[in-house]
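The values are calculated or read from the model by the stated rules, or taken from the named source; none is laboratory data. Not measured: the values here are computed from a predicted model. Ideal geometry is used to build each Cβ from the backbone, glycine not excepted, and the neighbour counts take in all protein chains shown. Surface accessibility is based on the protein's heavy atoms, side chains included, excluding ligands, DNA and RNA. Shrake-Rupley method; radii C 1.70, N 1.55, O 1.52, S 1.80 Å.
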Amino acid sequence: MTGEWLFIQQDDDHARKLLEAALQVDPNFPAALNRLGYLYIRSGDPDPAKALASLRRYAEVETSSSNPEDSLGEVSRIAGDDRASLQHFAASLRIDRSFLASQEGLGDTLALMGDFDGAREEYDVALLMAKSPVDQMYIKEQRALVSFWEGKPAQGHKELAAFAEEAARKKEPNGQFNIALARAHAYCRTSIRTCAVEEVSSFP
């Protein structure tokens, strides 16, 4: 439990030591295997092979759960193996077709690979799967950001503006915040000079 708390606090070195100690007690402890997979890849000295090995062990221990394959999908993408990422997300969905994170993961990975139409199709499927307004807003936001990756910022800004109005109308504070943050990041990417000037001029 302490290792998990430290992981959330991003105290990665201490979290890793405690979770490795937990595996000394139980080498098949699923939660520790999962968290260590992320800790090994996001450390100051990342070790992709060690991260993936921990998650593969996690998948062997938890064969009936979608989460190990989802974690492998995320860490494979971080490690730069996009094809493996897609394969693991697909494997997760074969175990549980309703596992939303893996459906979103397919869209995220395809967007990074430059398959923008494919990414939109996967996000559309994810949108049908989403059961909460928060998830729906997040997926719409991610889908809109594809336009920026594609080099069509005007379309992206238009979509984000529409979703911001929808979030305000539905009184979804999380959606409003996330979309506003996405619009700010997108604006800075497409108008770096203007953004820098505005940030400097805001200082007292």
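Check region 103-123 and report whether any residue there is part of a helix (DSSP H, G or I), closer than 20 Å to LEU86 by Cα, among the β-branched types (Val, Ile, Thr) and out of contact with any Asp or Glu (no Cβ under 8 Å at 6 or more places or on another chain). For region 103-123, residues part of a helix (DSSP H, G or I), closer than 20 Å to LEU86 by Cα, among the β-branched types (Val, Ile, Thr) and out of contact with any Asp or Glu (no Cβ under 8 Å at 6 or more places or on another chain): absent.
Counting only residues that are touching a residue at least 12 places away in the same chain (Cβ under 8 Å) and small (Gly, Ala, Ser), how many does region 45-63 have? Total satisfying the criteria: 3. Of all the numbered requirements in (1) touching a Leu at 6+ places or on another chain (Cβ under 6 Å); (2) without any contact (Cβ under 8 Å) to a residue 12 or more places away in the chain, PRO173 misses one, and that requirement is (1). Given the structure, is LYS50 more than 27 Å from ASP108 (Cα to Cα) and basic (Lys, Arg)? It is false that LYS50 is more than 27 Å from ASP108 (Cα to Cα) and basic (Lys, Arg). If the requirement is being within 28 Å of LEU36 (Cβ to Cβ), at pLDDT 95 or above and in contact with a Lys or Arg (Cβ under 6 Å, 6 or more places away or on another chain), which of these qualifies: SER92, SER102, SER98, SER85? After ruling out the rest, the residue left standing is SER85. Looking across SER92, SER98, one residue alone is in contact (Cβ under 8 Å) with a residue 24 or more places away in the chain, over 16 Å from the mean Cα position of the chain (by Cα) and within 24 Å of GLN136 (Cα to Cα). It is SER98. Open to solvent by 30 Å² or more (accessible area, probe 1.4 Å) and touching a Lys or Arg at 6+ places or on another chain (Cβ under 7 Å): is that true of GLU20 in this structure? Here the answer is no, as GLU20 does not meet what is asked. Scan region 57-94 for residues that are open to solvent by less than 60 Å² (accessible area, probe 1.4 Å), of a type in the set (A, V, I, L, M) and assigned to a helix (DSSP H, G or I) and jot them down. Selection gives ALA59, VAL61, LEU72, VAL75, ALA84, LEU86, ALA90, ALA91, LEU93. Is there a residue being surrounded by fewer than 20 Cβ atoms within 10 Å (Cβ to Cβ) and among the aliphatic types (A, V, I, L, M) anywhere in region 114-124? Checked against the condition, which is being surrounded by fewer than 20 Cβ atoms within 10 Å (Cβ to Cβ) and among the aliphatic types (A, V, I, L, M), region 114-124 yields no hits at all. Residues that are among the polar types (S, T, N, Q) and farther than 14 Å from SER76 by Cβ were ranked within region 34-56; the one that is surrounded by the fewest Cβ atoms within 10 Å (Cβ to Cβ) is SER43.
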